[in-house]
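Below is one structure; the comments refer to it alone.
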Amino acid sequence: MVVDPDDATHKTWYAGSASGGVWKTTDGGKTWNKIFSVDENTGCSDLTMDPKNPNTLYAAFWEFRRTAWSFNSGGLKSALYKSTDGGKNWAKIHNGFPAGKLGRIAVAV
């Protein structure tokens, strides 16, 4: 979870969910809105904010599926995404990553 340091009320937070994408609240967590997701098999494994620009967010997504009888880790939809407008729009960052299936990704800025 990351908190927007420019919000004087300290009520704008972002959270990544392993089963539901990236979520945002502007009321201190009372209500949440999903602002980005890939699909039902791909969750947000890491989320961070640029410390110099809180409108810039990075979200790492990991394609995985766990059931009682199997575990599939890594896939073609695992990727790193970037938003420069506080989560309204997201772009996939893929330059420099290997082709094919990717495992769990972590991100630090």
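Being among the aromatic types (Phe, Trp, Tyr) and without any contact (Cβ under 8 Å) to a residue 24 or more places away in the chain is the filter; apply it to the stretch 1-27 and report the residue that is nearest to residue 91 (Cα to Cα).
It comes out as 23.
When you go through (1) exposed (fewer than 15 other Cβ atoms within 10 Å of the Cβ); (2) part of a strand (DSSP E or B); (3) at pLDDT below 95; (4) not β-branched (Val, Ile, Thr) one by one for residue 34, which number turns out not to apply?
(3)
Take residues that are surrounded by 13 or more Cβ atoms within 10 Å (Cβ to Cβ), of a type in the set (A, V, I, L, M) and modelled with pLDDT of 90 or more and tell me which of the strands (runs of 3 or more DSSP E) falling wholly in the stretch 47-90 contain 3 or more.
Answer list for the stretch 47-90: 53-66.
The values are calculated or read from the model by the stated rules, or taken from the named source; none is laboratory data. None of these values were measured; they are calculated from a predicted model. Positions of Cβ are backbone-derived with ideal geometry, glycine not excepted, and every protein chain shown enters the neighbour counts.
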